[in-house]
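The values are calculated or read from the model by the stated rules, or taken from the named source; none is laboratory data. Here the structure is a predicted model, which is why all the values come from computation and not from measurement. Please note: Cβ atoms are built from the backbone with ideal geometry, for glycine as well, and neighbour counts cover all protein chains shown.
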Amino acid sequence: MKKKATHKKISKNLAASRAHIWTSCPGSVDFEKVDNIFQKNSEASIGNLIHKISASHLEKIKDGKKGYERVLDFNKFISFINFTALSIEEKILFEENQEEIHNQYVFYLTRILYELENFPVSGRSPEILVEYRLQYKNIVAIADCILYVPDKYAVIIDLKTGFVEVEAEANKQLLITAGLFKKFHGVNEVEIEIIQPKHKSIKKDILNYIPKPQEILKEFTAEKGKLKAGPHCLYCPSNDICPELRGQIEKYLNPKYQDTAYNRPAVWSELLDVSKPIIKTMEKIRSNSLNYLKLGEEIPGYSLGYRGGSRAWINTISLKELSIFKRAGIKELFRETLKSPAQLETELKALIRRMKKEGSGIKDIRKKEKIDKKIITLQEKFESLIYKSEFPVLKRNKENN
Ligand code: SF4
């Protein structure tokens, strides 16, 4: 006799790192994953790189490789990175403070290791697992690092390289990871820790309750296919094509919500939950459309327009921001090839003529000349930086206005 299925078959993997989306909106996993050629997330790819470097360092420490113990030599681990494959923005992001992130993470872990080795839990030294993959049916988790004493105790450590502050308490990704680890390794006590060097923070939570993977799967299956919009939509890769979120946008535009303040407060919290995802989704749609036009494609009613940059002085914009803005390396911002000799000669003659007319002495002329040259050079630099650049923008065609 055929065995009765306990739940509908799920064909896609449920990544713990995306649990904040699929536990709130089970239907989100049904969208086909399409690589967005327009939206390259530099922060995320640099984050992945740092994870790889840190994991490689930890592996060496774990294997007791000579010269790597407690050594925070970042340069040993970046040799395998193909820097030419990184975009300018990525290079800048990488150079900015990634070494510090790596060092803080590895330093913290080596300290925990040292403590556990010297003051072992229940007389046993911990094992270290790096980039450890756990899977129960469709649920998959990859832990950055797990320190554990078999059958006893585990510390699940997660490195967050971004700016968005992440809490350890009720963290869905790490709760699921803990559930999977407990299932396969039988530990009684699990602690989760989030290291976030950009906030110089380490957040911890000793779990009172560890969910069973089979229960998570059961819950997911019961709601399978259901779309539910909320703050989690902000991180959903399908937010620009999702009918549920579109429905929320239409709801937001419904005239009944646009009247007096009298009946707004009742719906505000509901609408505010989706307002940020909606704003971000709209920005994504604009930026994708712009890139589409840049490829030479057509959008009815729209064309590619250009505008010059606005004035920006060195004290109002940092060099790094400017180089990201200009998509140029910092050195490239200071090209000295400014004026042709003929142009300078004409300017110099005009300057001398003016000085003579004003009756200044030759010494003053030379002094003034130097200053003027400097001013010209500076002006040119900024002109070439800001005014001569053209920024593509979406332009609404006149006949459609
Ligand atoms: S945008 Fe929101 S509602 Fe739509 S699939 Fe993603 S998480 Fe679900």
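Tabulated values for the structure
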quantity: Scan of the range 224-234 for residues that are in contact with a Lys or Arg (Cβ under 8 Å, 6 or more places away or on another chain) and within 12 Å of the ligand (Cβ to nearest atom), ordered by number; calculated: Pro231, Leu234
quantity: Residue within the range 159-168 that is at pLDDT 95 or above and either over 27 Å from Ile53 (Cα atoms) or surrounded by 13 or more Cβ atoms within 10 Å (Cβ to Cβ) (or both) present; calculated: no
quantity: Wholly within the range 230-340, helices (runs of 4 or more DSSP H) carrying at least 3 residues that are at pLDDT 85 or above; calculated: 243-253, 265-294
quantity: Qualifying residue in the range 205-223 (condition: within 16 Å of the ligand (Cβ to nearest atom), assigned to a loop (DSSP other than H, G, I, E, B) and in contact (Cβ under 8 Å) with a residue 12 or more places away in the chain); calculated: yes
